[in-house]
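Only one structure is covered here, and it is reproduced in the block below.
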Amino acid sequence: MENKERQIKDLEKRIRLSESALSLHFEKIGEIILAADDEKKEASLTAGLLKQIHNLDSAIKTERKRIDNILSAVERADEIEALRKSLTQKIRSIEKDNVSNYETIGRASYEAYKDGELPADKYSGIFAEIVKIMLKIDQAEDERDRLNKVKSDSKFFDRVKAGARSLYLKNAVSSYYLQLQRQYKRAGEQICHSELVMNLEAESVENALKPFKENLEGIEKLEKEDEKLTSETEKLQGSLEGLGVESNPVKTVNEIENQINLHYEHRMRLQREAGEMVSLNRKDVLAKPSAVKAILKDIDKENTEIAEMQELVKRYKAELEIERQNQEINELNKKINGFEEKISNYSIEADQLKEKIQAAEENIRKLEEASNNSEDEND
């Protein structure tokens, strides 16, 4: 019995393999007939299925193109982002360089202003702090010069006092020069970011401004490039929205890929169905090519083997069922025999009980007779 069950399992496994082989044969036929002339396709019973496959192929091609467009747009958007970051860095670098030019421009402008090359009505307010600091520096340095002259002729205490004052003035002058440096920078910045920068009326200042103006032209050029890139980014965003991308391109591409896989699965089913239809209708115009006929022979062979194996499975299952029924009958007969043996034992026990009952009844009868005789004697 176990051997039969093992044989059945083995046959069922072979049947499944043969059915898979059949499925592949149908797919192959479907692939061959898809390459046939349109005229033959239209004359075939599979025309409707082949049309559906054609439509699926078109849908898959469209979805693939959609993915390519999305990936191209995303790739270009990434390139643009990198370019814009590079432009921003360049602009910041130029702006930083221009900041370093402020002091030079401020110094040159002040010198031109001091020499009368720049009109006081326009620049006096810008250079007012510089003039004040210059005055403080001059005063401090004049006082130091005076102290140095009288220091050698003074008494010790006066020399010490003058030395301390001279050191203080020296530090003050250093501080004033730092302040002056900052004021030159502020003055240059103020000039560069006002209308004055357009016409400074002084060649020395124009020369100092030349790097600054060149930098401004460079920044303007870079900003125009950035504007073009921004415009292109907006167009790409519009294109992505048109392609169905709401926010996450990767998610959209995955969704499209899943849809394409479903199309492929449906297409494969239709292809197998078309091949099977040709296999069942050997007079179909698409069943005539030699390549199809060769596969049809393999299909017939597989079908024959499957039918034979199915018959064997049916026979083995019937034999198994007979064995099971016989086993069940044997089991039932055993139970019946057991019941009959028990009934026989019960019958013997019943006869023995009957004999005991009869003996007891006989004793009772004798006892009753003895009792009656005793009563008669007493009377």
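General remarks:
Matching residues to (1) closer than 30 Å to residue 95 by Cα; (2) β-branched (Val, Ile, Thr); (3) at pLDDT below 95:
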site: 204; (1), (2), (3): yes, no, yes
site: 208; (1), (2), (3): yes, no, yes
site: 222; (1), (2), (3): yes, no, yes
site: 248; (1), (2), (3): no, no, yes
site: 258; (1), (2), (3): no, no, no
site: 265; (1), (2), (3): no, no, no
site: 285; (1), (2), (3): no, yes, yes
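- Counted residues, segment 236-293 - those being in contact (Cβ under 8 Å) with a residue 60 or more places away in the chain and not in a helix (DSSP H, G or I): 6
- Any chance residue 18 is out of contact with any Asp or Glu (no Cβ under 7 Å at 6 or more places or on another chain), in contact (Cβ under 8 Å) with a residue 24 or more places away in the chain, of a type in the set (Ser, Thr, Tyr) and under 26 Å from residue 314 (Cβ atoms): no
- Residue in segment 15-31 that is within 23 Å of residue 238 (Cα to Cα) and more than 23 Å from the chain's Cα centre (by Cα) present: no
- Only listed residue being in contact with an Asp or Glu (Cβ under 9 Å, 6 or more places away or on another chain) and at pLDDT 85 or above, chosen from 150, 173: 173
- Taking segment 65-119 as the range and being touching a helix residue (DSSP H, G or I) at 6+ places or on another chain (Cβ under 8 Å), closer than 30 Å to residue 238 by Cα and either of a type in the set (A, V, I, L, M) or at pLDDT below 85 (or both) as the test, the residues that pass are 67, 70, 71, 73, 74, 77, 80, 83, 87, 91.
- Annotation note: of 283, 317, 301, 297, the sole residue that is within 30 Å of residue 27 (Cβ to Cβ), surrounded by 12 or more Cβ atoms within 10 Å (Cβ to Cβ) and more than 47 Å from the chain's Cα centre (by Cα) is 301.
- Of everything listed in (1) under 41 Å from the mean Cα position of the chain (by Cα); (2) in the same structural domain as residue 309 (by TED's automatic domain parsing); (3) basic (Lys, Arg), the single unmet condition for residue 4 is (1).
- Scanning segment 80-96 finds no residues that are assigned to a helix (DSSP H, G or I), of a type in the set (Gly, Ala, Ser) and in contact (Cβ under 8 Å) with a residue 12 or more places away in the chain.
- Looking across 342, 314, 335, one residue alone is modelled with pLDDT of 85 or more and not polar (S, T, N, Q). It is 314.
- Test: residue 353 is touching a residue at least 40 places away in the same chain (Cβ under 8 Å), assigned to a helix (DSSP H, G or I) and out of contact with any Pro (no Cβ under 9 Å at 6 or more places or on another chain): no
- Checking 73, 112 one by one, the residue that is farther than 29 Å from residue 223 by Cα and surrounded by 12 or more Cβ atoms within 10 Å (Cβ to Cβ) is 112 and no other.
The values are calculated or read from the model by the stated rules, or taken from the named source; none is laboratory data. None of these values were measured; they are calculated from a predicted model. Counting neighbours? That spans all protein chains shown, and the Cβs are built from the backbone with ideal geometry, glycine included.
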